[in-house]
1. According to a simple spin-label model (label point 7 Å from Cα along Cα-to-Cβ), what is the distance in nm between residue 177 and residue 58?
2. Run the numbers for residue 146 and residue 377: contour at 0.36 nm per residue of separation, minus the present Cα-Cα distance, in nm.
3. Ordered by packing density, taken as the mean number of other Cβ atoms within 10 Å over each peptide's residues, highest first, how do 211-217, 326-332 rank?
4. Indicate the gyration tensor shape class of region 520-574 (rounded, prolate or oblate), computed on the Cα atoms with a ≥ b ≥ c the square roots of the eigenvalues: a/c under 1.5 is rounded; otherwise a/b larger than b/c is prolate and the rest oblate.
5. What translational D, rounded to a whole number of µm²/s, comes out for region 358-465 from Stokes-Einstein when the hydrodynamic radius is the Kirkwood one over Cα pairs, at 10 °C and 1.306 mPa s?
6. May I ask for the distance between the Cα centers of region 158-213 and region 94-130, given as a whole number of Å?
7. Where in the chain are the helices, taken as whole DSSP H runs, whose Cα atoms extend 15 angstrom or more along the long axis and whose Kyte-Doolittle mean reaches at least 0.0?
8. Taking the dipole about the Cα centre of region 52-397, with the C-beta of Lys and Arg at +1 and of Asp and Glu at -1, give me whichever of 63, 317, 82 is farthest to the positive side.
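The numbers here are math on the coordinates, done by the rules we state, and not lab data. Since the structure is predicted, the reported quantities are computational estimates derived from the model, not experimental observations. All Cβ positions, even for glycine, are placed from backbone atoms using ideal geometry, and neighbour counts span all protein chains on display.
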Amino acid sequence: MPLMKNHSTRQARFLPAALRWTVLPHAPNGFLAPLMCVLATAVAAQTPLPRKLIVTGWDNPDPAQFRRDCGAMEQWPFDGAVIHVQGVNAGGKPFEARAAFGTNHWEPLCFTHALADLQAARSDKLTDNFLLIGANPGNVDWFDDTGWAEIVEHWRLLARLARDGGMKGLLFDPEPYTEPFKQFCYSSQPAREAHSFEDYGRQARQRGREVMRAVVAEYPDVTILAYFLWSITWPAAAAGPQALAGHGYGLLPDFANGWLDVLPPGVTLVDGNEQAYRYNSEGAFQAAFVRIKHASLAVVPGENRAKYRAQVQAGHGIYLDAHVNPSTSPWYIDGRGGPRVHRLEANVASALDAADEYVWIYGEKARWWPPRQPGAKASSTWPEVLPGADLALWSAKNPLEAARRRLADLRARGPLPNRLENGDFTVARGQQPESWGRWQHETESSGQFNRDPEVGASGAGSGRLTGMQHGCFLQSVPAEPGQRFLLSAKVRRVGSGSPWITVRWQTRDGKWTEESRDVKFYAPAGAEASAWQEIVGRVTVPEGAGRLAVLAGVNGQRNPHDQVWFDDLVLVED
């Protein structure tokens with residue numbers, strides 16, 4: 001996306017040397033259209049996407065700990081948690097809700113203490129919380145009506161607790177931790193000699209209907225987030241019934257299809273794609289999204305496919321241990337030439353981009369929650385085991401918040417080593433700020449660039465754009481692939497117009513490259529426009545780039561009195 005056409009224009013003589021020779025000889029004629037696209041989408045890009053991180057793992061809290069420590073968890077970038085529940089049956093005997101697929105009887109009031117703790121918990125940040133329900137022990141035959149009556153009641157009581165306790169819904173873990181029982185494996189069923197795989201599939205679908213009817217009777221708009229559903233059987237599902245019959249989860253699609261049979265419009269199902277544990281590229285997450293949303297329809301009955309498309313979300317699981325395990329572990333993610341914590345950030349960002357709403361973060365070796373028992377010896381936190389893990393999650397989920405935190409930390413250590421020249425616009429050549437080039441649309445914009453000596457965010461002077469439809473100040477600096485930069489700028493607006501900052505990429509010899517990797521930043525929504533506002537951002541230099549260009553501009557100024565000021569632009573290597 002060059003800054004102007006490859007013939008001389010009225011702005012060409014004002015470009016700084018680093019941009020002047022690169023823009024004019026090498027700018028392709030197609031430059032203007034991508035720039036117009038960037039500017040035209042400025043307002044739309046401000047709308048935040050509802051992507052959410054859910055924390056889960058070996059340190060899942062019980063309701064009492066959730067009540068006590070949910071406030072402390074607000075320091076981390078999570079939107080919700082998974083809570084394991086222990087009930088108490090008649091005679092005071094405790095049981096785990098993880099063992100829902102068994103014949104033990106749960107009393108209607110078995111979760112009284114759990115409910116009191118959940119209702120007393122207070123957190124404005126942890127809004128999407130899920131009660132854990134597991135598929136253990138998994139020793140109930142699908143044709144056992146009495147046993148399945150108990151399982152259905154277990155689901156009913158957990159759904160009621162989730163509703164009354166203010167939870168978002170249930171987290172379903174289908175994994176058979178108790179051997180040799182495997183609820184969804186055909187070869188593990190006790191009556192497999194009497195019933196075919198197809199017989200068991202029909203029965204699993206019927207049990208799915210019974211479970212979902214019980215759940216929605218208690219919680220009509222529940223969200224059920226599963227570590228995996230249809231995603232676990234791909235590509236066996238595409239290979240046909242024989243492949244599914246031999247799959248460890250071959251009956252899970254039928255059970256979930258039973259859910260779809262009776263699913264009311266208010267319910268959301270999330271296929272959490274635990275298969276993502278070893279993904280280490282953006283493409284892997286994108287391909288999984290397509291499989292969940294489209295390829296999985298191969299094992300969804302035709303009458304349920306519209307419901308599937310409307311109510312089944314794609315999510316992904318991130319396994320923290322894979323980012324710290326040794327290379328000899330089968331669960332290992334390498335740093336691809338850089339720190340492994342950077343791969344964590346990139347993978348979580350890719351997962352969020354390729355999810356409808358939820359990405360869940362699972363860990364075993366360390367913890368996010370405080371110790372379960374006050375005063376107990378604490379194991380290490382994840383930021384201690386994987387330094388920077390918290391910032392990596394912040395950056396993936398909310399890059400602006402991560403940039404603010406990192407900039408505050410660096411400023412506390414001393415002055416920032418600014419890679420931009422004249423970022424405070426104190427040096428001028430005539431009426432123009434030194435070191436800054438200028439561009440505006442040749443035919444649609446006729447605004448003015450200058451240095452305003454009277455207005456500044458923290459001192460005397462700023463760069464001003466007036467009456468401009470499409471235009472920007474710009475400056476580029478050398479950069480290397482993989483380098484990470486923090487950006488900060490102050491902006492003030494009077495009148496119409498939308499100010500923005502775009503980071504773009506050039507090759508070492510100044511040709512524009514990696515246009516799909518442009519990064520755009522805007523002033524915070526809701527702040528008073530006439531006051532100085534801070535724009536912050538964080539970027540990573542992509543492969544193939546040799547220079548980083550900062551464009552500070554505005555679009556949509558309608559009259560000569562509309563003005564935007566930029567000041568205190570800082571670019572610092574992170």
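1. Going from the residue 58 label point to the residue 177 one covers 1.1 nm.
2. Numbers: separation 231, 0.36 × 231 = 83.16 nm, distance 4.42 nm.
Result for the pair: 78.7 nm of gain on full extension.
3. Numbers: 211-217: 20.7, 326-332: 9.3.
Ranking the peptides 211-217, 326-332 by packing returns 211-217, 326-332.
4. Details: a/c = 2.59, a/b = 1.84, b/c = 1.41.
Verdict is prolate for region 520-574.
5. On the way: Rh = 18.7 Å.
For these conditions, the coefficient is 85 µm²/s.
6. Distance between centres, Cα-based: 19 Å.
7. Numbers: long enough: 145-164 (28 Å, -0.41); 197-218 (32 Å, -1.04); 252-262 (16 Å, 0.27); 282-293 (17 Å, 0.32); 340-353 (20 Å, -0.15); 399-413 (21 Å, -0.83).
Those that clear 15 Å and a mean of 0.0 are 252-262, 282-293.
8. Going by the charge dipole, the pick is 317.
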